[in-house]
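Below is one structure, written out as structure tokens; comments come after it.
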Amino acid sequence: MAGNSEGEHRIGLLNGFAAYGMWGLVPLFWPLLKPAGAMEILAHRMVWSLVVVAVALLVVRRWAWAGKLLRQPRRLGLVVVAAAVITVNWGVYIWAVNAGHVVEASLGYFINPLVTIAMGVLILKERLRPAQWAAVAVGLAAVVVLTVGYGRPPWISLCLAFSFATYGLVKKKVDLGGVESLAAETAIQFLPALGYLISLAVQGDATFATEGAGHSALLASTGLVTAVPLVCFGAAAIRVPLSTLGLLQYLAPVFQFLLGILYFHEAMPAERWAGFALVWLALVLLTADALRFSRRPRRLPEPSPLTTGTPSSAPADA
């Protein structure tokens, strides 16, 4: 049994590395789709993602969730919100990478945990521990420093961070599996995206059928680029602790940051290094606090000497 458990954990780690590794290396993919513009790439991503997940769900015959979702207007409305928010996130990210802002895009996913915590306080009225408050304060200082460095607020980073944090918040309330959630969201995106692609073709501005078979294949592969990391993430999430996943999530922005500097040769003046250093300090504070708190035995209310109890099964940060 122990060997099987170790094997499952190893499989989970490999899937986690694969998921975050693919997300981290995706800036190498979007420039391959030029001369297609960001909006055309985004529309193809929506259309082909639905095709891929629909085939996957047909293979595993997992459709019962769809009927239940259609009978729950509130959950369906939340899926619509999730689809709208992830559309913004995908569109800004694709544009940022192809416009030469890979480093600023990576910053968005570095500060995403800080934005998620801030939203938890403002929206869910969660209470923060002192180290979490310190991390958020350092993160705000980093945004100020980067605003000075860029000569403007780092709007790409902030847009990506806030859209993805909102997406995570909504998905938590919808409570669907990763593949099912992607299927529902892309089903909502499908008709507007397809309509946009048809209008591009009518106007003679579409690149899908005019730039050769290789270009068409690359545009169609956006569905796989979207779905495969998500499947790997799902396989990791059920096999490794959340604390491990929390550490693995930093792989993606680290890879993106390194690609931006070493491969795309984006400028990093001293003030940007200072801003990123503050962000990394905030993440160190946040991660250290999360690991310390997850290892701490859960405290129970003072028990009577004659009674015993068991800790709550709720997550420590719920």
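The values are calculated or read from the model by the stated rules, or taken from the named source; none is laboratory data. Since this is a predicted model, take the numbers as computed values, not measurements. Positions of Cβ are backbone-derived with ideal geometry, glycine not excepted, and every protein chain shown enters the neighbour counts. Calculation scope for accessible area: heavy atoms of the full protein, side chains included, ligands and nucleic acids excluded. Shrake-Rupley method; radii C 1.70, N 1.55, O 1.52, S 1.80 Å.
What relative contact order, as a whole-number percentage, does the chain give when Cα pairs under 8 Å and 6 or more residues apart are counted? It would help to have the intermediate numbers written out before the result.
Values: 353 pairs, mean separation 121.4, N = 318.
The normalised contact order for the chain reaches 38 percent.
Return one whole number: the accessible area per residue of the stretch 197-265 in Å², for a 1.4 Å probe. It would help to have the intermediate numbers written out before the result.
Values: 3480 Å² over 69 residues.
Per-residue accessible area for the stretch 197-265 comes out at 50 Å².
Within the shell defined by Cβ-Cβ distances under 15 Å, the residues around Trp63 carry a net charge of +3, with Lys and Arg each +1 and Asp and Glu each -1.
For the stretch 1-107, the spread of Cα coordinates along the three principal axes comes to 50, 41, 25 Å, biggest extent given first.
Answer rounded, prolate or oblate for the chain, using the Cα gyration tensor with square roots of eigenvalues a ≥ b ≥ c: rounded when a/c is under 1.5, else prolate when a/b is larger than b/c, else oblate. Oblate. Qualifying trypsin sites (Lys or Arg not before Pro) in the stretch 50-156, where qualification requires a DSSP coil assignment and no more than 14 other C-beta atoms within 10 Å, comprise Arg61, Arg62, Arg71, Lys125, Arg127. Taking all protein chains as they are arranged and a probe of 1.4 Å, the heavy atoms of Leu14 leave approximately 110 Å² accessible to solvent.
Check each of the chymotrypsin sites (Phe, Trp or Tyr not before Pro) in the stretch 1-43 and keep only those in coil by DSSP with at most 16 other C-beta atoms within 10 angstrom; list them in order. Don't skip to the end; give the middle numbers.
Numbers: sites: Phe17, Tyr20, Trp23, Phe29; in loops: Phe29.
Answer in residue order: Phe29.
Given axes a ≥ b ≥ c from the Cα gyration tensor, I'd like to know whether the stretch 27-181 is rounded (a/c under 1.5), prolate (a/b larger than b/c) or oblate. Oblate is the answer for the stretch 27-181, as a/c is 1.5 or above yet b/c matches or exceeds a/b. The stretch 56-97 and the stretch 140-164 have their alpha-carbon centroids 28 Å apart.
Relative to its residue count, the stretch 1-47 spans a Cα convex hull of 76 Å³ per residue. Reported to the nearest whole Å, the Cα centre-to-centre distance from the stretch 185-239 to the stretch 115-139 is 36. Under the membrane-span-like helix rule (DSSP H runs whose alpha carbons stretch at least 27 Å along the helix axis, mean Kyte-Doolittle hydropathy 0.5 or higher), the chain yields 38-60, 73-98, 102-122, 130-150, 155-174, 178-203, 270-295.
Given a 1.4 Å probe, how much area per residue of the stretch 24-144 is accessible, in Å²? Don't skip to the answer; put the middle values down first.
Details: 5600 Å² over 121 residues.
The answer is 46 Å² per residue.
Nonpolar atom fraction for the chain, defined as the carbon and sulfur part of the 1.4 Å probe accessible area, stands at 69 percent. With every protein chain in place and a 1.4 angstrom probe, the accessible-area ranking of Phe190, Phe276, largest first, reads Phe190, Phe276. Dimensions of the stretch 179-259 along the principal axes, based on C-alpha atoms and rounded to the nearest Å, stand at 50, 32, 19, largest first. The residues Phe208, Phe293, sorted by heavy-atom accessible surface at 1.4 Å with ligands and nucleic acids left out, run Phe208, Phe293 from largest to smallest.
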